[in-house]
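Q: First, the structure itself, so that you have it in front of you.
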Amino acid sequence: MSVLRRQCNYSKLDKEDPEEVLHRKAQFLIYKVMEQADNNSSPRRRRRRAASFLRIRLCRLKVKIGRRLKKLRKCMVVSISDARSAFHKQVVTQLKTWKRIFGHQQGESTAIASLPPLIFIEFGGNYECGGVIFEWREKMSVVGFDIGNENCVIAVVKQRGVDVLLNDESKRETPAVVSFSEKQRLVGSAGAASALMNPKSTISQVKRLIGRKFSEVDVQIDLKLFPFETCESRDGGILVQLRYLGETHLFTPVQILGMLFSNLKQITEKNMNMPISDCVIGIPCYFTDLQRRAYLDAAAIAGLRPLRLMHDCTATALGYGIYKTDFSNAGPTYVVFVDIGHCDTQVCVASFESGHMKILSHAFDRSLGGRDFDEVLFNYFAAQFKEKYNIDVYTNIKASIRLRASCEKLKKVLSANAEAPLNIECLMDEKDVKSYIKREEFEKLSSVLLERISVPCQKALADSGLALEHIHSVELVGSGSRIPAITRMLASFFKREPGRTINASECVARGCSLQCAMLSPVFRVREFEVQDSFPFSIGFSSDKGPICTLSNGILFPKGQPFPSVKILCLHRSSNFHMEAFYADQNELPKGVSPQVASFMIGPFQSSLGKMAKVKVRVQLDLHGVVNVQSASLIEESMDDLETSRDAYSTSEVNAKSDHTHAVANDDEIDKARKGKDIKRLEIPVNESVYGGMTKTEVAEAVQKELQLAEQDLKMERTKDKKNALESYVYEMRDKILNAYRNFATETEREHISRNLQETEDWLYEDGDDESESVYSEKLEDLKKLVDPIENRYKDDEARTQATRDLLKCATDYKMVVGSLPSTVKDAVIDECNKAEQWLQEKTREQDSLPKDADPVLWSSEIKRKLEALDATCKYIMRSKLSPSGRDEANGSDRRRKSDDMQLD
């Protein structure tokens with residue numbers, strides 16, 4: 001109860017956000033009711049009442065779970081993004097009734113079943129709450145996605161820890177590839193398998209294109225390496241051009257990324273056997289506001305709702321620090337994380353204390369990764385093969401793809417060996433190529449790249465304000481970090497050997513899943529605070545000039561912990577514009593525009609007919625996205641009006657984890673002005689993101705994704721029907737010559753064999769690409785020919801068993817009636833003899849027929865005869881043993897029923 005007492009300072013409730021007020025009032029109410037129940041009884045009775053409440057009452061609720069399941073589902077909040085709105089609606093209607101019914105024996109379970117999950121699990125999670133919490137846990141998703149440039153990793157939090165999910169090929173990494181065939185999309189492993197056969201319609205490394213402009217120098221360099229075609233959109237973005245369903249289609253990188261998210265979502269749902277929506281997604285720290293919004297739009301296209309976009313190094317640091325229990329109490333432990341991925345290098349400096357993690361600085365080189373080392377080998381061997389074999393792989397797309405794949409494998413071999421060979425059959429012009437390279441030579445070729453790795457390390461240390469001797473350890477992760485020269489370079493720079501205590505490929509996904517569990521109301525993760533820093537400086541300006549809160553004119557400085565809120569007090573007479581921009585161009589990657597977004601505040605009009613005070617709430621949210629959260633018009637009236645402040649003055653408030661501090665501080669300022677009558681009016685805010693997708697465009701992309709998904713399902717069903725037809729042909733061809741041979745005439749066998757052969761030939765010729773209905777029709781036609789023969793075969797075995805069952809039933813009844821009165825005995829034996837005689841006659845008639853003829857005695861007839869005999873004998877035995885007064889009345893009914901049940 002002490003936790004609730006600390007969280008529920010009732011005197012401050014009226015000055016906070018309405019939803020926060022309701023949240024805390026509910027907690028306070030539960031605490032007060034429990035406290036009152038404890039204070040009104042003796043210590044012994046208090047203990048007994050606590051045990052009764054925490055065990056017996058909740059056990060009763062567990063027993064009632066079946067009856068109340070429908071009601072409980074209505075109370076569940078299955079997504080975190082809907083939690084606040086659902087909480088608000090439920091508390092408003094039930095807050096007054098909880099206190100009244102909480103003390104009643106039957107009302108306790110009703111009240112708890114009615115509690116929203118945010119309250120119930122926060123309150124009940126400290127106790128043994130049994131099946132209810134278990135049900136909620138099973139219905140929530142706690143997923144982390146790491147969308148790499150080459151591969152994707154999915155991690156989920158379960159009761160026993162963090163697991164990495166396997167894809168359909170039982171691999172822990174899924175290729176970030178989308179390929180388009182003539183009629184179907186192939187995503188992930190299937191797309192990577194078709195990349196060589198269909199290179200111009202296979203899109204990979206889409207992460208490099210998200211939120212970028214077509215004219216950027218780095219983008220043009222990347223596009224020259226990609227086999228697919230691209231063009232520039234009307235707003236300067238990138239469009240991927242390809243052929244699909246006989247037409248030319250244009251897709252944005254956001255749509256392609258949405259397809260990857262859809263595939264990862266399907267893999268997760270298949271593994272967890274439940275729908276998912278809430279997740280945490282890892283992103284590079286150098287992503288701009290536009291790129292972060294693009295990730296959110298792509299997730300919305302796939303039906304996901306990210307709780308947070310988390311920096312890769314921050315996720316890695318979280319996965320590293322949350323399990324550590326040996327941090328020194330003397331002061332913070334400083335750890336440097338170096339993440340060398342497929343296309344970029346990121347470095348961050350983190351400070352760890354018991355239950356707390358703080359990111360001190362971020363640094364990056366977004367054009368230095370494992371693929372750059374692959375490109376060094378590619379250029380080396382391409383020049384060598386041109387001189388030695390007179391072939392130019394640059395002119396052949398498939399040869400370039402094969403050589404790059406071989407160079408990547410060669411790089412991995414060189415990580416463990418002093419030299420490695422390269423052999424490729426029929427690389428180009430039907431020529432086999434072979435060569436080898438030594439590790440020393442490879443390191444010499446890569447010397448420029450190795451020198452660049454130290455640059456972000458130096459920058460991260462400088463921004464953190466720490467010296468080398470303050471660093472306790474260095475952790476090296478990432479798919480491109482396995483080159484020995486990189487380890488030696490980092491060891492030389494940091495004066496210590498880099499550690500590899502965490503999984504280099506899965507650490508980001510695991511950290512994201514842990515963050516999702518911490519944000520989820522259904523998992524109780526041990527207390528661990530995560531404080532990230534923003535790598536760029538954000539400034540704001542209005543129609544009348546820059547809006548400054550600091551001496552350097554920056555609203556959110558570099559290294560600002562986020563989420564963060566600033567409240568700006570402006571004086572305006574009518575609607576106005578605000579612009580968000582990057583204040584320092586040198587902090588950004590090359591070619592990035594400093595413009596972020598524009599905001600239209602208004603329309604509004606002051607009732608006093610003069611400059612009015614407008615409070616604008618600017619937020620750097622949990623995703624690292626800048627937005628204007630709200631704007632309100634403040635009107636003050638008093639007898640002695642004071643001179644208003646300058647139009648450009650501002651007041652500043654920071655909120656580390658929520659909005660409570662900002663609102664409370666702002667209200668205290670207003671309350672301090674005694675003698676004033678203050679009115680607050682909400683002002684509409686319209687946002688326009690430079691280069692971003694509008695809501696209409698996102699909705700259209702969602703519809704497009706649904707159409708593509710429907711086409712994929714249609715093609716999968718068609719493939720299943722085609723495979724079923726092909727399997728049926730091979731299966732029936734074997735059975736008609738072996739198992740079914742005696743049950744088909746020579747003419748039937750020849751006719752069926754001829755049809756099976758014709759169907760097989762059709763499948764591999766004209767029927768190779770047909771619709772689902774055509775394959776179904778062909779399958780039905782074959783079944784019409786084979787089913788009569790198959791029925792004869794199956795009924796022959798079933799008839800033997802049915803015959804044994806009928807004879808056994810007759811024998812059993814003859815034995816049972818041996819001690820009964822003669823009238824009952826004679827009647828039952830007579831019925832049994834009739835059934836046996838009928839069976840003998842039918843069996844003789846059936847035995848006279850060949851097996852390839854339709855039977856005159858089907859197993860179903862014998863089963864019906866068995867059921868009739870059993871019912872008749874039971875009826876006779878029951879009626880004959882009843883009082884004599886009922887015998888005559890029931891005699892005629894018995895005879896009629898016996899006659900009706902006979903099938904002779």
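Q: Would you please classify the overall shape of segment 317-404 from the alpha carbon gyration tensor, given that a ≥ b ≥ c denote the square roots of the eigenvalues, rounded means a/c under 1.5, and beyond that prolate means a/b larger than b/c while oblate covers the rest?
A: prolate
Q: Please work out the FRET efficiency for the pair Glu836 and Lys784, using the Cβ-Cβ distance as r and a Förster radius of 35 Å; give the result to the nearest 0.05.
A: On the way: r = 37 Å, r/R0 = 1.07.
Calculated transfer efficiency: 0.40.
Q: Follow-up question, since we're still on this one. Below 8 Å between Cα atoms, with a sequence gap of 6+, how large is the relative contact order for segment 196-304 in percent? Walk me through the intermediate numbers first.
A: On the way: 115 pairs, mean separation 27.3, N = 109.
Once divided by the residue count of segment 196-304, the mean separation gives 25 percent.
Q: In addition: I need the trypsin sites (Lys or Arg not before Pro) found in segment 282-379, filtered to DSSP loop residues with at most 15 other beta carbons within 10 Å of theirs. Spell out each step's value before the answer.
A: Working: sites: Arg292, Arg293, Arg308, Lys324, Lys358, Arg366, Arg371; in loops: Lys324, Arg366.
For trypsin sites (Lys or Arg not before Pro) across segment 282-379 that sit outside H, G, I, E and B with at most 15 neighbouring Cβ atoms in 10 Å, the list reads Lys324.
Q: Counting other Cβ atoms within 10 Å, which chymotrypsin sites (Phe, Trp or Tyr not before Pro) in segment 753-836 have at most 12 and lie in a DSSP loop? Present the calculation step by step, with values, prior to reporting the outcome.
A: Details: sites: Trp762, Tyr764, Tyr775, Tyr793, Tyr813; in loops: Tyr764.
Those satisfying the criteria are Tyr764.
Q: With only Lys, Arg, Asp and Glu charged, each at its Cβ (+1 for the first two, -1 for the last two), find how big the charge dipole of segment 737-777 is about the Cα centre; round to the nearest 20 debye. Present the calculation step by step, with values, prior to reporting the outcome.
A: Values: 3 positive and 13 negative charges, 105 e Å.
It works out to roughly 500 debye.
Q: Can you tell me the order of 326-339, 177-190 when each peptide is scored by its average per-residue count of other Cβ atoms within 10 angstrom, highest first?
A: Per-residue Cβ counts within 10 Å, averaged per peptide and sorted highest first, yield 177-190, 326-339.
Q: Same structure, new question: Between their Cα atoms, which of Lys808/Lys842; Lys459/Lys590; Lys412/Lys590 are more than 22 Å away from each other? List each step's numbers first, then the result.
A: On the way: Lys808/Lys842 17 Å; Lys459/Lys590 16 Å; Lys412/Lys590 31 Å.
With Cα atoms farther than 22 Å apart: Lys412/Lys590.
Q: Classify segment 242-369 as rounded, prolate or oblate, taking a ≥ b ≥ c as the square roots of the eigenvalues of its Cα gyration tensor: rounded when a/c is under 1.5, otherwise prolate if a/b is larger than b/c and oblate if not.
A: It comes out prolate by the Cα gyration axes.
Q: Separation of segment 321-396 and segment 476-519 by C-alpha centroid, Å?
A: Between the Cα centres of segment 321-396 and segment 476-519 lies a distance of 8 Å.
Q: Then there's this: Sum up the charges of everything whose Cβ sits under 13 Å from the Cβ of Leu165, counting Lys and Arg as +1 and Asp and Glu as -1, but leave Leu165 out.
A: -1
Q: Let me ask another. Take the alpha carbon atoms of segment 676-732, find their center, do the same for segment 198-260, and report the distance between the two centers in whole angstrom.
A: Here the two parts' Cα centres lie 19 Å apart.
Q: Kindly rank 577-587, 477-487, 688-698, 504-514 from highest to lowest mean number of other beta carbons found within 10 Å of each residue.
A: Details: 577-587: 17.2, 477-487: 21.5, 688-698: 15.5, 504-514: 27.2.
So the peptides 577-587, 477-487, 688-698, 504-514, ranked by packing, come out 504-514, 477-487, 577-587, 688-698.
Q: Using the structure shown, select from Lys207/Lys438; Lys265/Lys721; Lys171/Lys411; Lys714/Lys778 the pairs with a Cα to Cα distance greater than 23 angstrom.
A: Those over the limit are Lys207/Lys438; Lys265/Lys721.
Computed from the coordinates by the stated procedures, all read-outs in this text should not be read as laboratory data. Because the structure is a prediction, the values reported are computed rather than measured. Please note: Cβ atoms are built from the backbone with ideal geometry, for glycine as well, and neighbour counts cover all protein chains shown.
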